[in-house]
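Heads up: the structure comes next, in structure tokens.
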Protein chains: 2
Amino acid sequence: MTAINAGSGRSLTDLFTEAARQALDDSGVDRIDSLYVGNMMSGFLQKQEHLGALMATSLGREGVPTYKVEAACASGGVAVNAAVKAVLSGLEDIVLVGAVEKMSGYTTAEVTEGLMMAEDRLKVAPTGVTFVGLNAMIAREYMHRYKVTHESIAQFPVLCHENALNNPKAQFRKKVGIEDVLRSPLVADPLRLLDCSGMGDGAAAVILAPKDVAGKYADSPVEVAASTVASDALSLYQRPMITTFEASRRASDRAYKLAGIGPNDVDVLEVHDAFSVLGVMALEDLGFAEKGSGTKLLDEGECAREGRFPTNNFGGLKARGHPVGASGLYQVAEVALQLKNEAGKCQVPGAEVGLTQSVGGIGSTVAVHILQGMK
Amino acid sequence: MTAINAGSGRSLTDLFTEAARQALDDSGVDRIDSLYVGNMMSGFLQKQEHLGALMATSLGREGVPTYKVEAACASGGVAVNAAVKAVLSGLEDIVLVGAVEKMSGYTTAEVTEGLMMAEDRLKVAPTGVTFVGLNAMIAREYMHRYKVTHESIAQFPVLCHENALNNPKAQFRKKVGIEDVLRSPLVADPLRLLDCSGMGDGAAAVILAPKDVAGKYADSPVEVAASTVASDALSLYQRPMITTFEASRRASDRAYKLAGIGPNDVDVLEVHDAFSVLGVMALEDLGFAEKGSGTKLLDEGECAREGRFPTNNFGGLKARGHPVGASGLYQVAEVALQLKNEAGKCQVPGAEVGLTQSVGGIGSTVAVHILQGMK
């Protein structure tokens, strides 16, 4: 993973190759059979597509099959899923999958327009609503329906900022309190600045291989126990209920089944808290709490490192940062480090099973991964 | 496949769902397990990403895993390859893969800038060269190195226009002669208007499934005997030789090996003739002719329907049309129809084995498919 920041001045290629070279060096693999690149906005912001061949060339790996995979803010997680299928297909053994996003160097208006590419351009964007605005509707409805206060929800970004203090690659390494969240500038009512993830540049990468091949290279490879993707109706107006993401439920239900475990078996999780309320909803939709009671886990300290479900231990989207198309891959890389006991100050002691959840659009696409250490 | 034309005024969704519904109806499948969407320029031209969830929703298939796959002008072919791996992974049985591009309704300057997204935005685009200009360099070098005349090369678009007369969905159903090509307006020396594919809107789709599943639905399913992707250094300046596409050689060598056949076993082919010279080079790089002698096949009539290697029987990129990110899927759909003996007036009698070649960028990514009828 690269450090995440805004104003890096670095190119997509520069960011991607840093992460990819780290992954190649760490894994010790001497070849790759294919390359998958997750990214959302390069066509719109950088006027650059064909990232597969571009990145393969930049890595000196031209020749291999290459793919760009896009699924809005879930691009990184969905790219991992596509790469897992490549390995399972038997056609490719060692697959490099990375994801990159560069959001800085553009105006807020440009990035705001870019984010709306995740929604329906013809039916929703013309109303003038922004991506934050749609999430604000969810927050308002969530607070209303379940009688949950903003104070309660604000515990989520507070936790993320606390955890990010331990992550040298995090974008926002600054402790904040609940009052800081509630008093930060209003972005889209009721969401305030500290309810929202920021804009940053970053890239992350992992190497995938069949178990027997991975064992030859890595001392402590991590097993992909499940990799799933599910979708939902693209737009909020098309759904009967907006305070749950059916795609999260579908993807995680299938993942638990594939892995043969349940939420109680999970030791660490990284969830998609692009906005504070989404972090709380993720705890519910993934089965860690009943609908409407996600904040109780926070009240009881269960999402902290010493709790039952240590969450967003590297800072999450809120504080580690959210280079949109790359975030899903950061999550996978972070959980892999946890299970390898290489997470540094972010380490959750004894973590053996980890889960990631990456969301594209307003819950329209969700990728879930369950990883576990290999004995 | 939708008919291809410019100025359709139709949306990406409208185009895609027409093709997808045709594929679903033709195949008779009652469910899909995932959806792959190939597309190159939607982020840049339509300011729309997240085509996976958008198209699944439009088809009433929300819930399934969805993916957008991009590899410049090879997006359609590469999407098919990614979908083939999904089926081989064992995780999904029935996969809908479609591809769509909408290029009309924009200025030539906008589309020209969009096409350069296939090349290196930071190192090549600033020189001012256009995508056509880079292909013109190849044409000039090809003619010089192999002492081949423009007249000889112009046989390729003449053949495509001839074939397109039989295809009701083709964009340019007009017979042209060699003199017409040579006298058409200069676009980028030596390439003239009739050496170049045009801008159009279109979508195509196919359904993939394991053999036993396909047999349950289709009377005459077609076997994917090989599906390969290869890349090359992204930019022309990075290659020792520009008159051959190494990625074509790599992808087709592997495909022939996987299918256990050679070029002489191929009955029909659809190759990526975005510019006339590329059609000739494809014949060579895919093993149908020695390097520098592709035009001899044309001289001898071997690429015509009654020849040994009937080529671009639906009109190819030149005359069927080239909605860039969709063309690779048109090719696969066209060859599938040939092998099912459902190609109408484009039918090559008795065709049993077909090959497609789809090129992304200036030969930086190539997807090859070998299909054969199932007995």
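The values are calculated or read from the model by the stated rules, or taken from the named source; none is laboratory data. Note that the structure is a prediction, hence the values are computed from the model and not measured. All Cβ positions, even for glycine, are placed from backbone atoms using ideal geometry, and neighbour counts span all protein chains on display. All accessible areas refer to the heavy atoms of the entire protein, side chains included, with ligands and DNA or RNA removed. Shrake-Rupley method; radii C 1.70, N 1.55, O 1.52, S 1.80 Å.
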Quiz prompt | Criterion (within 14 Å of A:Tyr330 (Cα to Cα) and aliphatic (A, V, I, L, M)) met by exactly one of A:Ile32, A:Ile4, A:Ile94 | solution = A:Ile4
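Scan the range A:83-112 for residues that are among the charged types (D, E, K, R) and surrounded by fewer than 18 Cβ atoms within 10 Å (Cβ to Cβ) and jot them down.
Residues of the range A:83-112 that are among the charged types (D, E, K, R), as a first pass: A:85, A:92-93, A:101-102, A:110.
The answer is A:Glu110, and nothing else.
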Quiz item: In this structure, does A:Glu119 turn out to be in contact (Cβ under 8 Å) with a residue 24 or more places away in the chain, acidic (Asp, Glu), out of contact with any strand residue (DSSP E or B) (no Cβ under 9 Å at 6 or more places or on another chain) and farther than 26 Å from A:Leu269 by Cα?
Solution: yes
Exercise. Among the residues of the range A:298-309, write down those that are in contact with an Asp or Glu (Cβ under 9 Å, 6 or more places away or on another chain) and either of a type in the set (A, V, I, L, M, F, W, C) or at pLDDT below 95 (or both).
Key: A:Ala304, A:Phe309
Quiz item: Could you list, in sequence order, the residues of the range B:131-150 that are open to solvent by 50 Å² or more (accessible area, probe 1.4 Å) and either within 14 Å of chain A (Cβ to nearest Cβ) or within 16 Å of B:Leu186 (Cβ to Cβ) (or both)?
Solution: B:Met137, B:Arg140
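Going through A:Glu300, A:Glu306, A:Glu270 one at a time, which residue ends up being closer than 19 Å to A:Asn167 by Cβ, of a type in the set (Asp, Glu) and open to solvent by 10 Å² or more (accessible area, probe 1.4 Å)?
Working: A:Glu300 fails: closer than 19 Å to A:Asn167 by Cβ; A:Glu270 fails: open to solvent by 10 Å² or more (accessible area, probe 1.4 Å).
After applying the criteria, what remains is A:Glu306.
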Quiz item: What number of residues within the range B:239-269 are closer than 15 Å to B:Thr228 by Cα, away from chain A (no Cβ under 14 Å) and under 15 Å from the mean Cα position of the chain (by Cα)?
Solution: 0
Practice problem: Hand me the list of strands (runs of 3 or more DSSP E) wholly inside the range B:147-239 holding 3 or more residues that are within 24 Å of B:Glu284 (Cα to Cα), in contact with a strand residue (DSSP E or B) (Cβ under 8 Å, 6 or more places away or on another chain) and among the small types (Gly, Ala, Ser). | Solution: B:222-231
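Is it the case, given these coordinates, that B:Ala367 is closer than 30 Å to B:Ser11 by Cβ, assigned to a strand (DSSP E or B) and in contact (Cβ under 8 Å) with a residue 40 or more places away in the chain?
Details: closer than 30 Å to B:Ser11 by Cβ: yes; assigned to a strand (DSSP E or B): yes; in contact (Cβ under 8 Å) with a residue 40 or more places away in the chain: yes.
So B:Ala367 passes the test.
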Practice problem: Pull up the range B:3-38, narrow it to residues that are under 17 Å from B:Tyr106 (Cα atoms) and within 11 Å of chain A (Cβ to nearest Cβ), then point me to the one that is surrounded by the most Cβ atoms within 10 Å (Cβ to Cβ). | Solution: B:Leu12
Exercise. Filter the range B:67-107 down to residues that are more than 10 Å from chain A (Cβ to nearest Cβ), of a type in the set (Ser, Thr, Tyr) and in contact (Cβ under 8 Å) with a residue 60 or more places away in the chain, then give me how many there are.
Key: 2
Quiz prompt | Residue match in the range B:128-142 (condition: in a loop (DSSP other than H, G, I, E, B), small (Gly, Ala, Ser) and farther than 30 Å from B:Glu300 by Cβ) | solution = yes
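Taking B:Ala233, is it within 14 Å of chain A (Cβ to nearest Cβ) and surrounded by fewer than 24 Cβ atoms within 10 Å (Cβ to Cβ)? Please lay out each step first, then the result.
Numbers: within 14 Å of chain A (Cβ to nearest Cβ): yes; surrounded by fewer than 24 Cβ atoms within 10 Å (Cβ to Cβ): yes.
Answer is yes for this residue.
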Quiz item: Looking at the range A:42-78, which of the residues that are within 18 Å of B:Ala74 (Cβ to Cβ) and among the small types (Gly, Ala, Ser) is surrounded by the fewest Cβ atoms within 10 Å (Cβ to Cβ)?
Solution: A:Gly63
